[in-house]
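Engineer: One structure, as structure tokens, below. Some questions next.
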């Protein structure tokens with residue numbers, strides 16, 4: 001049911017603008033002046049698109065948009081975070097059928113809840129390492145500073161109460177001086193969950209983004225202590241939708257509701273004219289060349305703020321451009337060291353010296369990636385001057401001179417006919433299988449992550465039927481071109497078969513791979529095809545990341561499952577599955593044959609684990625494990641689930657090399673409401689599901705060299721990764737504690 005926009009804005013501090021027509025222009029001029037003064041030519045990427053982002057802020061905040069613009073000039077990433085949280089909370093509030101007044105208060109509070117960051121020094125905001133205790137205190141003081149700014153601006157008491165209680169934990173402090181539990185304003189409890197989710201799923205200089213599953217798992221772990229457990233359950237149901245799709249969907253609804261009421265939130269503030277964001281053709285050429293260079297390129301302005309960070313720089317460092325653009329360049333971010341192994345400080349930074357002196361420099365350095373691996377580079381620092389010899393900044397070009405052979409070098413022969421698809425000129429399926437197997441082996445040995453994107457063109461059969469196979473081939477060729485242009489130089493793009501393409505992304509976590517898939521999806525949806533009379537062809541994507549216990553088959557099946565979910569949910573969208581939780585455990589290898597064993601069933605491995613969240617959520621994750629490992633459900637009774645798993649047999653040469661059928665028995669028990677510590681108050685606890693897993697085999701061959709035991713452990717490790725569970729010690733069953741879940745059968749059998 002449509003909601004009516006509030007008659008008055010939550011607060012409307014005055015601006016010294018010359019009437020309504022001049023307010024929007026004044027805000028835009030103020031923003032541009034601040035950006036020019038700060039020397040920033042790039043800011044954080046838009047949440048929806050630049051015009052829509054600006055309209056959302058101006059429509060909701062009215063004259064108070066100047067506060068948001070001041071925050072954006074100080075810290076663009078914090079402003080983008082606030083807008084994403086506001087959109088999440090706005091959409092969530094609609095799902096909860098909150099009134100327009102309540103929704104408006106929550107939207108404004110979400111936009112400005114980090115306003116106090118304006119008073120935090122840049123050295124703390126941009127610090128790439130963990131904050132010291134006194135720095136944490138400064139960040140806590142920034143919360144109070146934001147409240148004072150809002151109070152001085154005339155904010156309503158209800159709005160101040162929401163902003164003030166965002167950082168308050170749900171279980172409250174022991175002394176009870178501040179509200180706790182349901183006494184915390186609903187808006188504050190919602191913003192706390194939404195901002196934690198957005199922060200965890202966003203890239204930062206000091207850490208990469210987590211997957212949605214990993215972030216949801218953390219929300220469950222903190223339910224009852226930091227977050228309202230009931231709201232966490234409702235948010236998890238709501239957050240199953242892809243955030244980028246959600247932002248586009250609800251941004252238009254937000255604008256429609258606000259613009260429908262003339263003179264309300266917009267009182268005294270005219271919308272700014274649309275900005276012409278069409279980039280110059282030469283700028284497009286330069287950007288494309290930078291992104292496809294084999295050398296890493298870092299560009300800084302005279303104030304040493306990063307204004308350029310190409311894809312090769314992302315590969316060298318593991319830091320994505322969105323998390324470092326507009327931030328000060330610090331060699332400590334990448335642990336830059338000279339040839340003597342000494343850490344390069346800001347004072348001795350060659351790029352800073354090149355900016356200060358205006359003279360070029362060169363040297364050999366080592367960089368530490370986020371996965372703790374080092375890469376040796378030859379770096380060249382080049383100052384950039386204009387025609388009047390005024391310094392515009394500097395460029396640092398880094399070339400990999402490591403002796404270790406990289407994946408890029410392994411894939412340089414893709415042009416050869418043996419590894420290339422003849423139609424699209426990308427890698428063929430055989431080459432994909434080879435590189436995929438190598439990445440799996442590398443992950444098991446070193447823990448090097450990689451992600452898989454699988455792409456399928458929507459309604460491709462209709463294209464062939466309506467326009468002919470020649471037109472269909474042209475669409476495939478153009479799709480391959482878009483995929484190649486959107487991929488990094490180290491990525492492998494392959495045609496898997498028919499209209500399906502896959503991309504292997506080494507050294508890329510699932511959150512970054514999902515964003516890349518969304519960018520490719522958007523590019524494909526905007527690509528016109530001449531043989532289709534200028535029409536466009538869309539595609540659906542499934543994305544996943546390797547996780548403990550995976551094989552090449554399970555990774556591909558999980559990505560394929562995400563692809564089919566994308567098609568079931570309407571096509572032309574990206575679905576990400578798999579969080580990549582935990583680390584791959586080393587595999588034991590036996591150097592002797594086993595002795596002859598009895599023919600009775602033998603227990604090969606067992607483990608007790610605990611998974612956070614209600615039983616329904618845990619079983620939903622378990623369905624993914626069953627599907628990807630092609631398991632068969634043998635028995636389901638009360639709290640026991642029995643699965644049948646078939647171990648793959650490679651290089652079978654004799655009839656005795658039969659397949660081995662394992663039995664995985666899972667015994668479920670649900671703890672009473674679980675308290676993380678003694679400070680959790682009664683009623684605020686969260687439950688967890690305990691699982692006792694056993695892997696057994698009817699008969700173990702006498703000459704088993706340990707491979708079957710390794711497989712059993714690998715399957716248990718994989719199950720733990722799917723459930724995002726943790727190992728638990730063998731605890732005795734309390735009589736009144738973990739109870740058998742007799743509802744396991746109806747929940748598992750439900751569609």
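Engineer: Taking the inverse of the average 1/r across all pairs of different Cα atoms in region 443-539, what Kirkwood radius in Å do you get?
Structural biologist: One decimal place: 14.2 Å for the Kirkwood radius.
Engineer: Moving to a separate point now. D for region 103-184, whole µm²/s, Stokes-Einstein with Kirkwood Rh over alpha-carbon pairs at 4 °C and 1.567 mPa s: what number?
Structural biologist: Result for D is 93 µm²/s.
Engineer: Work out, step by step, the length gained on full extension between residue 433 and residue 392: first 0.36 nm times the residue separation, then minus their alpha carbon distance; give nm to one decimal.
Structural biologist: 10.1 nm
Engineer: What spacing in nm lies between the two simple spin-label points modelled at residue 473 and residue 423, each 7 Å away from Cα in the Cβ direction?
Structural biologist: 0.8 nm
Engineer: Let me ask something else about it. For region 407-576, give me the percentage of DSSP beta bridges that are antiparallel, rounded to the nearest 5 percent.
Structural biologist: Here the antiparallel bridges make up roughly 85 percent for region 407-576.
Engineer: Could you work out the relative contact order of region 407-576, using alpha carbon pairs under 8 angstrom and six or more residues apart, expressed as a whole percent?
Structural biologist: Relative contact order of region 407-576: 26 percent.
Engineer: Using all alpha carbons of region 417-463, what is the percent of pairwise distances in each 5 Å bin, ordered from the shortest bin to the longest?
Structural biologist: The percentages, shortest bin first, are 5, 17, 17, 19, 18, 13, 7, 3, 1, 0.
Engineer: Run the numbers for residue 661 and residue 139: contour at 0.36 nm per residue of separation, minus the present Cα-Cα distance, in nm.
Structural biologist: 182.3 nm
Engineer: Could I ask something else about it? How high is the relative contact order of region 281-400? Use alpha-carbon pairs under 8 Å, at least six apart in sequence, and give a whole percent.
Structural biologist: 25 percent
Engineer: For region 116-160, list log₁₀ I(q)/I(0) at each q in 0.27, 0.30, 0.32 Å⁻¹, using the Debye formula over Cα point scatterers of equal strength and ignoring solvent, two decimals each.
Structural biologist: Log10 of I(q)/I(0), two decimals: -0.91, -1.03, -1.11.
Engineer: PRE reach from residue 122 (point 7 Å along Cα→Cβ): which of region 356-392 fall under 16 Å by backbone N?
Structural biologist: Output list for this probe position: 356, 392.
Engineer: Provide, for q = 0.09, 0.11 Å⁻¹, the log10 of I(q)/I(0) from a solvent-free Debye sum over equal Cα point scatterers in region 407-576.
Structural biologist: -0.28, -0.42
Engineer: What percentages make up the Cα-Cα pair-distance distribution of region 281-400 when the bins are 10 Å wide from 0?
Structural biologist: 14, 48, 33, 6, 0
Engineer: Sticking with this one: What number, in percent, do you get for the relative contact order of region 96-212 if the mean sequence gap of Cα pairs under 8 Å and at least 6 apart is divided by its residue count?
Structural biologist: Averaging sequence separation for qualifying contacts and normalising by length gives 26 percent for region 96-212.
Engineer: Give, in whole angstrom and from largest to smallest, the semi-axes √(5λ) of the equivalent ellipsoid of region 318-361, with λ running over the eigenvalues of the Cα gyration tensor.
Structural biologist: Gyration-tensor ellipsoid for region 318-361: 19, 16, 8 Å.
Engineer: Would you mind computing, in nm to one decimal, how far apart the modelled labels at residue 465 and residue 484 are, each placed 7 Å from Cα along Cα→Cβ?
Structural biologist: Those two pseudo-labels are separated by 3.2 nm.
Engineer: For the residue pair residue 158 and residue 339, what label-to-label distance in nm results when each label sits 7 Å from Cα along the Cα-to-beta-carbon direction?
Structural biologist: Label at residue 158, label at residue 339, 6.8 nm between them.
Engineer: Still on this structure: Please arrange 636, 202 by how many other C-beta atoms lie within 10 Å of their C-beta, fewest to most.
Structural biologist: Ranking 636, 202 by Cβ neighbours within 10 Å, fewest first, gives 636, 202.
Engineer: For the pair residue 525 and residue 346, what calculated FRET efficiency results from E = 1/(1 + (r/R0)^6), where r is the Cβ-Cβ distance and R0 = 30 Å, to the nearest 0.05?
Structural biologist: It comes out at approximately 0.10.
Values in this text are rule-based calculations from the coordinates and carry no lab data. From a predicted model like this one, the values you see are computed outputs, not experimental measurements. As a convention, Cβ positions derive from the backbone with ideal geometry for all residues, glycine included, and neighbour counts pool all protein chains shown.
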